[in-house]
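The values are calculated or read from the model by the stated rules, or taken from the named source; none is laboratory data. Bear in mind that the values here come from a model prediction, so they are computed numbers and not experimental data. Glycine also receives a Cβ, built like all others from the backbone with ideal geometry; neighbour counts cover every protein chain displayed.
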Amino acid sequence: MLSIKNLHASVEGKEILKGINLEIKAGEVHAIMGPNGSGKSTLSQVLAGNDAFEVTEGEVTLNGENLLELETEERARDGIFLAFQYPVEIPGVSNLQFLRTAVNAMRKHKGEAEMNAAEFMKLAKEVSKQVDLDPAFLKRGVNEGFSGGEKKRNEIMQALMLQPKLAILDETDSGLDIDALKVVSDGVNALRSDDRAILMVTHYQRLLNHIVPDYVHVLAGGRIIKSGGRELALELEEKGYGWLGIKDDDASN
Amino acid sequence: MKSVPMLSSAFLHPAGHSLPEPLLALRKERASALVDMPLPTRKTENWKYSSKYLKLADDMAISLPAEGKTGNSLAVPGYKVVFLNGVMIPEASEYPDLDGIQITSFNDLDADEANALAARLGHTLDHAQAQFARLNGARFEDGLLVRLKAGAVLDQPLFIIHETSADASGSAYPRIFVEAGANSQLTLVEEYTSTGQASALISTVTEFSLAEGANVTSVRLNMEGENVQHIGATGVRQQRSSRFESHCVGFGGPLRRHDLQVRLEGEGAETKLNGVVVTQGKQHYDNHTSIDHVAAHCNSEETYRNIAADQSHAVFNGRIHIHQDAQKSNADMNNKNLLLSNGAEIDTKPELEIYADDVKCAHGATIGQLDETSVFYLVSRGIDRRQANVLLTMAFINELVEQIPVAVVRETAQARLSDFFEQTFREA
Ligand SMILES: Nc1ncnc2c1ncn2[C@@H]1O[C@H](COP(=O)(O)OP(=O)(O)OP(=O)(O)O)[C@@H](O)[C@H]1O
Ligand SMILES: [Mg+2]
């Protein structure tokens, strides 16, 4: 589904990603772990098409199509979804308006009719219950005044509404209490299917108890330095990154 | 040495002589005071950013005829008065006789009423700052007097539709005088629209006099065409414990100017001024507001937002004057501006004059662009960039638009604004 070859990217002239290689097949769940500043969010943002980051080398294809040539909105319509590490607050645009515009943009792309207000409301209410958000939040500004945990649940709500092919979850588990972690994991598990893939960035192996990954990768200094199965996360938790020979000043760039 | 440009004498000959004698006399006196009135230049402090947009040709001095069809306006749920080129059109107006409430065209006032009005007309305004209100005073051909007796409550909004019909060049001078008695209540909506393509000047004056405890809400929608230069002034005087609320929504034009002057003269008076301006193309809009805290214990809260696209130009000048005896004044002024292109210009200036020592006065002004992170967030959900821009631009002013109290006006404003932004962000 997703194929990343020798991806290099920089921001403000500084190289952050230094040759990433990663293959993700439909149905798989991949976890990326790694020290702070190692480039995990950069990779996520580059895949979603944030042009604050410049791709200097390498290629990325989604189902054979050159992803890097597409605009962000085209990538989204082709099925890429990024749950942001820091979801953006947009006062003045209601969640309802935002979600409906997004859902209808996707439907239009697929040649489907737009959802009317009533249909949409019904769906939105159902999904908000699924992620344990009070439907009253739909009237509020996008993420406006949301707690950290509510923002993360809202990201998952959006994923559930938009039904992406590849969901990239950037630390969607951070800052969640135990119950919220369960809600979010259930949401992510509901997304799992044979024709979808999930790439999740996390610092905590506890998430991986809920969402069991097929592969775990360690990203350090802008490169994937180790890949393995589920057990790699446990080993990392026990031994720390030092075990992989990462010195503190290598960890970031 | 270059001579100062003067108002052409062509502008000093009012038409329309059906006004009651006291008002005709007043008009004549004001016209004679306008001989040698200098026109603002860029050296005129309160017009320095806008004088270049003012283009008065002699053929615009002619009064636009008050005949022809009306109808290019809101379908209103409340009471309605229609003015065409500054003259009230009774056939198009609809409002019942209401207890304690007088709604009368200047032309229909009896001698006593006209005398009383002539003594007060213009008393809410500082004409040195609103120079063109003087021109209106010399040229008005009609006007609307709205008087609420003590305790009277207008149960529905009163819409005053000012239509400018300019098939040939000319000008119009609509005028409104509102006298809100003690504890009376009124919501008044002024809508300015136009038809025709010839260059026209509209010089308006609206005055509100609020007695003790009166509660007045004013909504002003400025939606005239590209051929109309609009110079308006609104004056407000507030007595003890009265409350005034203003919502102005303005779309740019070749010249748009609104002066809003509020005097808080009785303790406990409150005023809230909201304003939204959008400009595109080569349009212009200039809001000059002025709040005088004359009495103690008054509150003022002012929030203006400008959005300028393309090569357009928006101006906000917010003056707050806290007089020496106005202790415990609370004044809060906020102006936020959004520039949608590098070619657009926004000038914002707070002017604070504080002569009392025990006051709270806060002010803030910012000029920014659309937030790239927010745009990215929206497009990452599949929303097109153009629509993301429209959503975020609307978001910048939604908070103010949502406060407009009359649903039909709010919805009209919303629809007009979103059309405007759709056009601003049209595919290149
Ligand atoms: N817009 C930017 N401008 C400058 N530097 C940036 C920018 N964005 C990211 N960086 C730098 O790139 C490096 C990688 O950041 P990134 O956010 O990808 O790390 P991360 O692995 O997600 O870390 P964390 O675990 O803390 O979330 C850091 O050194 C960061 O400071
Ligand atoms: Mg990160």
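If you go through the range A:44-55, how many residues are within 7 Å of ligand 1 (Cβ to nearest atom) and away from chain B (no Cβ under 12 Å)?
Final tally of qualifying residues: 0.
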Residue count for the range B:133-155, restricted to those that are in a loop (DSSP other than H, G, I, E, B) and within 30 Å of B:Leu12 (Cα to Cα) = 4
Report yes if some residue within the range A:98-105 is within 14 Å of another protein chain (Cβ to nearest Cβ), more than 25 Å from A:Val218 (Cα to Cα) and in contact with a strand residue (DSSP E or B) (Cβ under 7 Å, 6 or more places away or on another chain); otherwise report no.
-> yes
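Which of the following residues is touching a residue at least 24 places away in the same chain (Cβ under 8 Å) and charged (D, E, K, R): A:Glu23, A:Glu54? Can you show your working first?
Numbers: A:Glu23 fails: touching a residue at least 24 places away in the same chain (Cβ under 8 Å).
Among A:Glu23, A:Glu54, only A:Glu54 is touching a residue at least 24 places away in the same chain (Cβ under 8 Å) and charged (D, E, K, R).
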How do the pairs read when you match residues in the range A:166-178 that are closer than 28 Å to A:Asp195 by Cβ and at pLDDT 90 or above with residues anywhere that are acidic (Asp, Glu) and within 16 Å of ligand 2 (Cβ to nearest atom), using Cβ under 7 Å and keeping only pairs 6 or more apart or on different chains?
-> A:Thr172/A:Glu155
Near pairs, Cβ below 9 angstrom, 6+ apart or cross-chain, from the range A:120-132 (closer than 21 Å to A:Asp179 by Cβ) to any residue that is in a loop (DSSP other than H, G, I, E, B) = A:Val127/A:Leu133; A:Ser128/A:Asp134
Those residues of the range A:1-10 which are more than 16 Å from ligand 1 (Cβ to nearest atom) and either outside any loop (DSSP other than H, G, I, E, B) or crowded, with 21+ Cβ neighbours inside 10 Å (or both) amount to A:Leu2, A:Ser3, A:Lys5, A:Asn6
In the range A:132-148, is there at least one residue being within 17 Å of A:Ser44 (Cβ to Cβ), buried (at least 21 other Cβ atoms within 10 Å of the Cβ) and modelled with pLDDT of 90 or more?
-> no
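Suppose the filter is of a type in the set (Gly, Ala, Ser) and more than 17 Å from the chain's Cα centre (by Cα); does B:Ser203 pass it?
no
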Of these, A:Gly13, A:Gly19, A:Gly39, A:Gly34, which one is small (Gly, Ala, Ser) and more than 14 Å from ligand 1 (Cβ to nearest atom)?
-> A:Gly19
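Free of Cβ contacts under 8 Å to residues at least 12 places away in the same chain and either within 16 Å of ligand 1 (Cβ to nearest atom) or within 14 Å of another protein chain (Cβ to nearest Cβ) (or both): is that true of A:Arg140 in this structure?
no
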Which residues, taken from the range B:350-367, are in contact with a Lys or Arg (Cβ under 9 Å, 6 or more places away or on another chain) and under 30 Å from B:His284 (Cα atoms)?
-> B:Pro350, B:Glu351, B:Leu352, B:Glu353, B:Gly364, B:Ala365, B:Thr366, B:Ile367
Some residue of the range A:230-241 being surrounded by 14 or more Cβ atoms within 10 Å (Cβ to Cβ), in a loop (DSSP other than H, G, I, E, B), touching a residue at least 40 places away in the same chain (Cβ under 8 Å) and not polar (S, T, N, Q) | no
Would you call A:Gly221 within 16 Å of ligand 2 (Cβ to nearest atom) and either small (Gly, Ala, Ser) or exposed (fewer than 15 other Cβ atoms within 10 Å of the Cβ) (or both)?
-> yes
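With the structure loaded, tell me whether A:Ala48 is surrounded by 20 or more Cβ atoms within 10 Å (Cβ to Cβ), modelled with pLDDT of 95 or more and more than 26 Å from A:Ser193 (Cβ to Cβ) or whether it fails that test.
no
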Over the range A:25-59, the set of residues away from ligand 2 (no atom under 16 Å from the Cβ) and aliphatic (A, V, I, L, M) is A:Ala26, A:Val29, A:Val55
Do we have any residue at all in the range A:167-184 that's more than 16 Å from ligand 1 (Cβ to nearest atom), under 27 Å from A:Lys5 (Cα atoms) and in contact with a strand residue (DSSP E or B) (Cβ under 7 Å, 6 or more places away or on another chain)?
-> yes
Quick one: count up the residues across the range A:163-184 that are more than 14 Å from every other protein chain (Cβ to nearest Cβ), in a loop (DSSP other than H, G, I, E, B) and either within 16 Å of ligand 2 (Cβ to nearest atom) or buried (at least 17 other Cβ atoms within 10 Å of the Cβ) (or both).
-> 6
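Taking the residues in the range A:106-121 that are part of a helix (DSSP H, G or I) and of a type outside the set (A, V, I, L, M, F, W, C) as candidates, determine which candidate is farthest from the other protein chains (Cβ to nearest Cβ).
Among them, the one singled out is A:Glu119.
Before we move on, is B:Ala33 surrounded by fewer than 18 Cβ atoms within 10 Å (Cβ to Cβ) and in contact (Cβ under 8 Å) with a residue 40 or more places away in the chain?
So B:Ala33 fits the description; yes.
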Of residues in the range A:72-97 being crowded, with 24+ Cβ neighbours inside 10 Å and more than 9 Å from every other protein chain (Cβ to nearest Cβ), the one nearest to the chain's Cα centre (by Cα) | A:Ala83
Looking at the range A:81-92, is at least one residue touching a strand residue (DSSP E or B) at 6+ places or on another chain (Cβ under 7 Å), within 16 Å of ligand 2 (Cβ to nearest atom), among the aromatic types (Phe, Trp, Tyr) and modelled with pLDDT of 95 or more?
-> yes
